[in-house]
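Down below is the structure, laid out as structure tokens.
All of the numbers you see were taken from the coordinates with simple rules; none came from a lab. None of the values given here were measured: they were computed from a predicted structure. Because the Cβ atoms are built from the backbone with ideal geometry, glycine has one as well, and the counts that use them run over all protein chains shown.
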Amino acid sequence: MSDDWSTHSTHLWSHPDVSSVKGIDIMQAAPVRAIAIPSFTDAFRGIESLLMSGARRNAWTAVLEDRRRAKDRVETEHVLEAAATRTEKAT
């Protein structure tokens with residue numbers, strides 16, 4: 001069986017969180033903790049930071065791809081030049 005106060009044979013006014021004012025039972029509210037809600041600017045900066053970290057990774061990946069394509073282009077030029085000189089000598 002639960003230890004919840006409502007399951008016992010006690011009355012509402014005997015619960016420690018209930019007080020009576022002028023014969024009216026008043027339930028005491030739990031204490032409220034102040035939680036700082038971030039401003040729109042703070043939230044926007046946080047999202048921007050996450051997106052920009054991904055953008056930096058994407059930019060670096062693009063740089064590496066450009067370098068690879070440039071290397072491939074140079075190698076292709078060498079192969080084409082070598083093939084052109086062979087065909088000139090053959091004729």
With a sphere of radius 14 Å drawn around the Cβ of residue 62, what net charge do the other residues whose Cβ falls strictly inside it have (Lys, Arg +1; Asp, Glu -1)? +3
Roughly how many nanometres apart are two label points built 7 Å out from the Cα toward the Cβ at residue 85 and residue 57? 4.5 nm
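Net charge around residue 72, counting only other residues with Cβ within less than 12 Å of its Cβ (Lys, Arg = +1; Asp, Glu = -1)? It would help to have the intermediate numbers written out before the result.
Numbers: positive: 67, 68, 69, 71, 73; negative: 65, 66, 75, 77.
Neighbourhood net charge equals +1.
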